[in-house]
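Notes to accompany the following structure.
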Amino acid sequence: MTWQDFLHNRRALSGGIIVLIFCGMALLAPLIAPYSPTTVEFTPSLAPSSHHLLGTTVNGQDILSQLIWGARASLFVGLIAGALITLVQLVMGIFGGYVGGLYDMVATSVTNVFLVFPALPLLIILAAYLRGGSLLVLVGVIVITGWAWGAKVLRAQSLALRNRPFIQAARISGEGRWHIVLTHIVPNMLGIMVANFFGAALFAVLAEAGLEFIGLGNINNVTWGTMLYRASTGNALLLGQWIWLFVPGLCLALVGTALGLLNFAVDEIANPRLRRS
């Protein structure tokens, strides 16, 4: 799996362009946002105009500025939570499957316990208990509830690789367990791990927005989820401010679509059967 494979895959190219646009918007937020996202000095409920391209909220905040700054927080949660979930899956799934014995038994038992509990109710319960925390608290909640299924898949793949001749040769030559996992097993499972990362990032972005929307996050954070929450509690539709509710929802849909496209593209690139079809 190389950069050339991504560049020649339409799903990967489309999803990558969308993600890069939003990442650029997040990184350049201080430069391209016309106003501070928290300032309330403007007239409330203004319609879109040359001064406020998307209008203002009922509290007198510029919607476009909030949208741009919200990309930074929402993508931060998605990327950090996706990376941490993938790391936990590596430790609990790949390493457990390769090492075996007591470690694998404990890791598998913990994984099965988390698989028994429905992810969404557990996510809501933990978020409600830790309500009002920072974005890192939300990241922690999302990681706790989102790693188990991927770890199960990676463990199965690790078990299939552990007795391959090149793994046995590395073991006989005296290489350590972590060295074998990182230099021999992980490269052969890179496609699955990258697909898991994009899937986990998609789960994290939507989970953060959903929790913020129902009021279980910190409403003082400027994210697309809190924009939806404030638009809903501020009766945006009744006041004719449909754009206040529409634009963060559209951004979430675009990011979700892009991450989904990247997920499918990695599967397609890594699996020759899907590539041929």
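The values are calculated or read from the model by the stated rules, or taken from the named source; none is laboratory data. Quick caveat: nothing in here was measured; it's all calculated off a predicted structure. Reconstructed Cβ throughout: ideal geometry from the backbone, glycine too, with neighbour counts over all protein chains shown.
Observations
- Here Y229 passes the criteria (1) surrounded by fewer than 19 Cβ atoms within 10 Å (Cβ to Cβ); (2) without any contact (Cβ under 8 Å) to a residue 60 or more places away in the chain; (3) assigned to a helix (DSSP H, G or I) except the one numbered (1).
- Yes/no for A204 being under 22 Å from the mean Cα position of the chain (by Cα), modelled with pLDDT of 90 or more, surrounded by 20 or more Cβ atoms within 10 Å (Cβ to Cβ) and more than 19 Å from D267 (Cα to Cα): yes
- Meeting the requirement of 1 or more residues that are among the basic types (K, R), the helices (runs of 4 or more DSSP H) wholly within segment 82-179 are 148-161, 165-172.
- Unique match (being over 18 Å from F203 (Cα atoms) and in contact (Cβ under 8 Å) with a residue 12 or more places away in the chain) among S45, S109, S74: S45
- Yes/no for V113 being modelled with pLDDT under 90 and of a type in the set (A, V, I, L, M, F, W, C): yes
- All positions within segment 220-244 that are of a type outside the set (S, T, Y) and more than 17 Å from A71 (Cβ to Cβ): N220, G234, N235, A236, L237, L238, L239, G240, Q241, W242
- Odd one out for I18 among (1) surrounded by 13 or more Cβ atoms within 10 Å (Cβ to Cβ); (2) over 15 Å from L262 (Cα atoms); (3) of a type outside the set (S, T, N, Q): (2)
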